[in-house]
Structure formats: C-alpha cells, structure tokens
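Everything below concerns the one structure shown next.
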Amino acid sequence: MMFKHNFKKVLSATAFAVALVVAPAANVLAATNDASSTQQSATATSQDQQASQDQAASQSSAANQSSATAASASSSTSTSSATSTSTVKKTTKKAKKTTKKSKKKTSKKKAVKKVAKKTTKKKATKKAKKTSKKATKKTTKAATVAVTASADQSHATDQQDDAAKKAAEVAAKKAAAAKKAAAKKAAAKKKAAAKKKAAAKKKAAKKKAAAKKKAAKKKAAAKKSSEKAAKYWIAMRESGGYYTARNGSCYGRYQLLISYLGGYLSKKNQERTADRYVYGRYGSWVNAKRFWLAHNWY
C-alpha cells in the first residue's frame with residue numbers, strides 16, 4: 001500500500017512537471033501562430049521558426065527526462081519514500097528551470113517580435129510620411145503653379161484693363177481736343193464774319209457818310225453857286241456891279257444905305273454888310289432875288 005501511494009505521488013509530480021513544461025510550449029506555439037497570421041517581416045518569421053524549433057527540442061528533452069524519471073521511479077519502487085521525495089524535488093526543480101528558460105525564450109521572442117513590429121510600423125510610418133510629404137509637396141507645387149497662373153492671368157487682365165482705360169482716356173482727350181478746336185475754329189469764323197460784317201457796315205456807313213458829305217458839299221456848292229449867281233444878279237441890277245455907284249442915300253455895289261455901311265465904303269465892308277443884310281432879312285440871296293423880282297427892290 002505504501003509503494004502504491006508513493007508511486008501515485010511520483011506520477012502526480014511527474015504529470016505536474018510535464019504540465020509545467022507543456023503549458024509554456026503551448027503559449028510559445030500560440031505566439032508563433034499569431035506571428036505567422038500577422039505576416040511580419042521575413043527576419044521576424046525566421047526568428048519565430050527558430051524559437052519554435054528550440055521549444056520543440058525543449059519539449060522533447062522534457063519528455064525524455066519525464067520518461068527517465070518515470071523509469072527511475074518505477075525502478076526505484078523498492079527504495080524508500082525518502083529517495084522518492086528527493087527525486088520528485090529534483091524533477092520539480094528541473095521542470096521549473098525548464099519553464100523559466102522557456103519563459104525567458106518566450107519573452108525574448110516577444111521582445112524580438114515587438115522590435116520587429118515596431119521597426120515595421122516605423123518603416124511604414126516613415127514611408128507614409130515620405131509619401132504624404134511627396135504628395136503635399138506635389139499638391140503645394142500644383143497649387144503654387146495654379147496661383148502663379150491665376151496671378152499671371154489676373155495681371156494680364158489688369159494690363160488689358162489699363163490699356164483699354166488709357167485708350168479710352170486718349171480717345172476722350174482727342175475728342176475733347178477736336179471739340180475744343182472745332183469750337184475755337186467756329187468762334188474764330190464767327191468773329192471773322194462779325195468783324196467782316198462790321199467792317200462792311202463801317203465801310204457802307206463811311207461810304208454813305210462820304211456820299212452824304214459829297215452830296216452836302218455838292219448841295220452847298222450848288223447853293224453857293226446859286227447864292228453867288230443871285231448876289232451877282234442883284235448887284236448888276238442895283239449898280240451895274242460898281243462899288244462906287246451912288247443913288248441918293250444909297251451907295252455902292254448893292255446900293256445899301258450909307259448908314260448901314262457905318263461910314264466904311266470899302267469893297268470888303270460892302271460885301272460883308274450886304275451879306276449880313278440879305279441873310280438877316282431874306283435868309284439867302286436866292287430869296288432876296290425872288291423878292292426883288294416880285295417887288296423890283298430888295
């Protein structure tokens with residue numbers, strides 16, 4: 001009964017050790033499968049495969065050890081319980097050591113996997129940044145080209161507008177200058193016409209005045225001639241034209257009263273006194289002649 005009990009204890013310890021060895025191996029296999037499913041880089045995959053091989057070897061060694069332990073346990077069934085307990089302790093210690101090694105390898109593998117993942121992520125991020133930078137640069141360049149083209153077009157449009165504005169201003173100035181010149185020409189023409197008209201009017205007035213003056217002169221000459229003729233006619237009738245003729249109290253060419261002559265019997269005084277007398281009494285020698293013809297004296 002004691003042997004069976006000890007053998008059960010040994011078997012339980014062995015099963016525990018095997019379980020400790022197999023559990024990390026299962027974790028390692030799961031990690032390896034996860035690494036394969038994420039399709040990481042070739043280096044990480046190779047490392048995972050190497051780790052799997054190492055784990056398989058560890059499992060095989062653990063299984064061999066377990067078999068050896070079981071054989072040793074079965075062969076030493078006849079030994080004492082103290083020897084069995086020592087064997088179980090050694091086996092447990094060895095199993096712990098193996099588990100520790102497996103955990104260390106798993107941690108190392110995880111670290112490698114993490115580094116590989118980080119490197120892959122870093123590369124992808126760097127590549128994405130580079131691509132984004134290139135795209136941004138290309139977009140910026142395209143936008144710059146578009147803005148430049150738009151600015152050039154706007155500048156060209158502004159130049160066209162300025163040219164059209166200047167042309168309109170020049171045309172307006174030309175039209176204003178032409179209008180001013182036409183107005184100036186019309187004013188000059190009007191002024192010349194007015195001046196010509198005024199000159200013609202002045203000339204006509206002058207001509208009229210000259211004609212009037214000439215007519216007046218002619219009339220005066222005719223009147224003078226008539227006056228002279230009438231005066232001569234009366235002188236010839238009164239004294240025969242002699243300045244010394246005397247008839248009673250009348251004396252001279254025009255037979256004037258001596259009192260009219262005032263004692264001065266000169267030719268000049270006779271002429272002046274006769275004119276004063278006739279113009280004062282009859283207004284003219286012609287009227288005096290007319291009176292003489294009517295009354296035979298004047």
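The values are calculated or read from the model by the stated rules, or taken from the named source; none is laboratory data. From a predicted model like this one, the values you see are computed outputs, not experimental measurements. When we count neighbours, we look across all protein chains shown, and the Cβ atoms used for this are built from the backbone with ideal geometry, even at glycine. With ligands, DNA and RNA removed, areas are computed over all heavy atoms of the protein, side chains included. Shrake-Rupley method; radii C 1.70, N 1.55, O 1.52, S 1.80 Å.
I'd like to check something: does region 115-127 contain any residue that is in a helix (DSSP H, G or I) and more than 60 Å from the chain's Cα centre (by Cα)? So far as region 115-127 goes, yes, one or more of its residues are in a helix (DSSP H, G or I) and more than 60 Å from the chain's Cα centre (by Cα).
For Gly252, are the conditions met, namely being on the phi > 0 side of the Ramachandran plot and loosely packed, with under 12 Cβ neighbours inside 10 Å? It would help to see each step written out before you state the result.
Numbers: on the phi > 0 side of the Ramachandran plot: yes; loosely packed, with under 12 Cβ neighbours inside 10 Å: no.
So Gly252 fails the test.
Out of curiosity, is Lys174 open to solvent by 90 Å² or more (accessible area, probe 1.4 Å), at pLDDT 85 or above and more than 54 Å from the chain's Cα centre (by Cα)? Criteria not met by Lys174.
Applying a threshold of 9 Å to beta carbon distances and a minimum spacing of six or more residues, or different chains, the list of pairs starting in region 226-242 at a residue that is more than 13 Å from Val278 (Cα to Cα) and outside any helix (DSSP H, G or I) and ending at one that is open to solvent by 50 Å² or more (accessible area, probe 1.4 Å) and of a type outside the set (S, T, N, Q) reads Gly241/Tyr232. Restricting region 274-298 to residues that are surrounded by 12 or more Cβ atoms within 10 Å (Cβ to Cβ) and part of a loop (DSSP other than H, G, I, E, B) leaves a set whose member that is modelled with the lowest pLDDT is Tyr298. Exactly one residue out of Glu227, Glu271 is surrounded by 10 or more Cβ atoms within 10 Å (Cβ to Cβ), among the acidic types (Asp, Glu) and out of contact with any helix residue (DSSP H, G or I) (no Cβ under 6 Å at 6 or more places or on another chain), and it is Glu271. Would region 162-175 turn up any residue that is of a type outside the set (D, E, K, R), out of contact with any strand residue (DSSP E or B) (no Cβ under 7 Å at 6 or more places or on another chain), outside any loop (DSSP other than H, G, I, E, B) and within 30 Å of Ala288 (Cβ to Cβ)? No, every residue in region 162-175 fails to be of a type outside the set (D, E, K, R), out of contact with any strand residue (DSSP E or B) (no Cβ under 7 Å at 6 or more places or on another chain), outside any loop (DSSP other than H, G, I, E, B) and within 30 Å of Ala288 (Cβ to Cβ). Residues in region 53-69: is at least one open to solvent by 60 Å² or more (accessible area, probe 1.4 Å), part of a helix (DSSP H, G or I), at pLDDT 70 or above and small (Gly, Ala, Ser)? No, region 53-69 contains no residue that is open to solvent by 60 Å² or more (accessible area, probe 1.4 Å), part of a helix (DSSP H, G or I), at pLDDT 70 or above and small (Gly, Ala, Ser).
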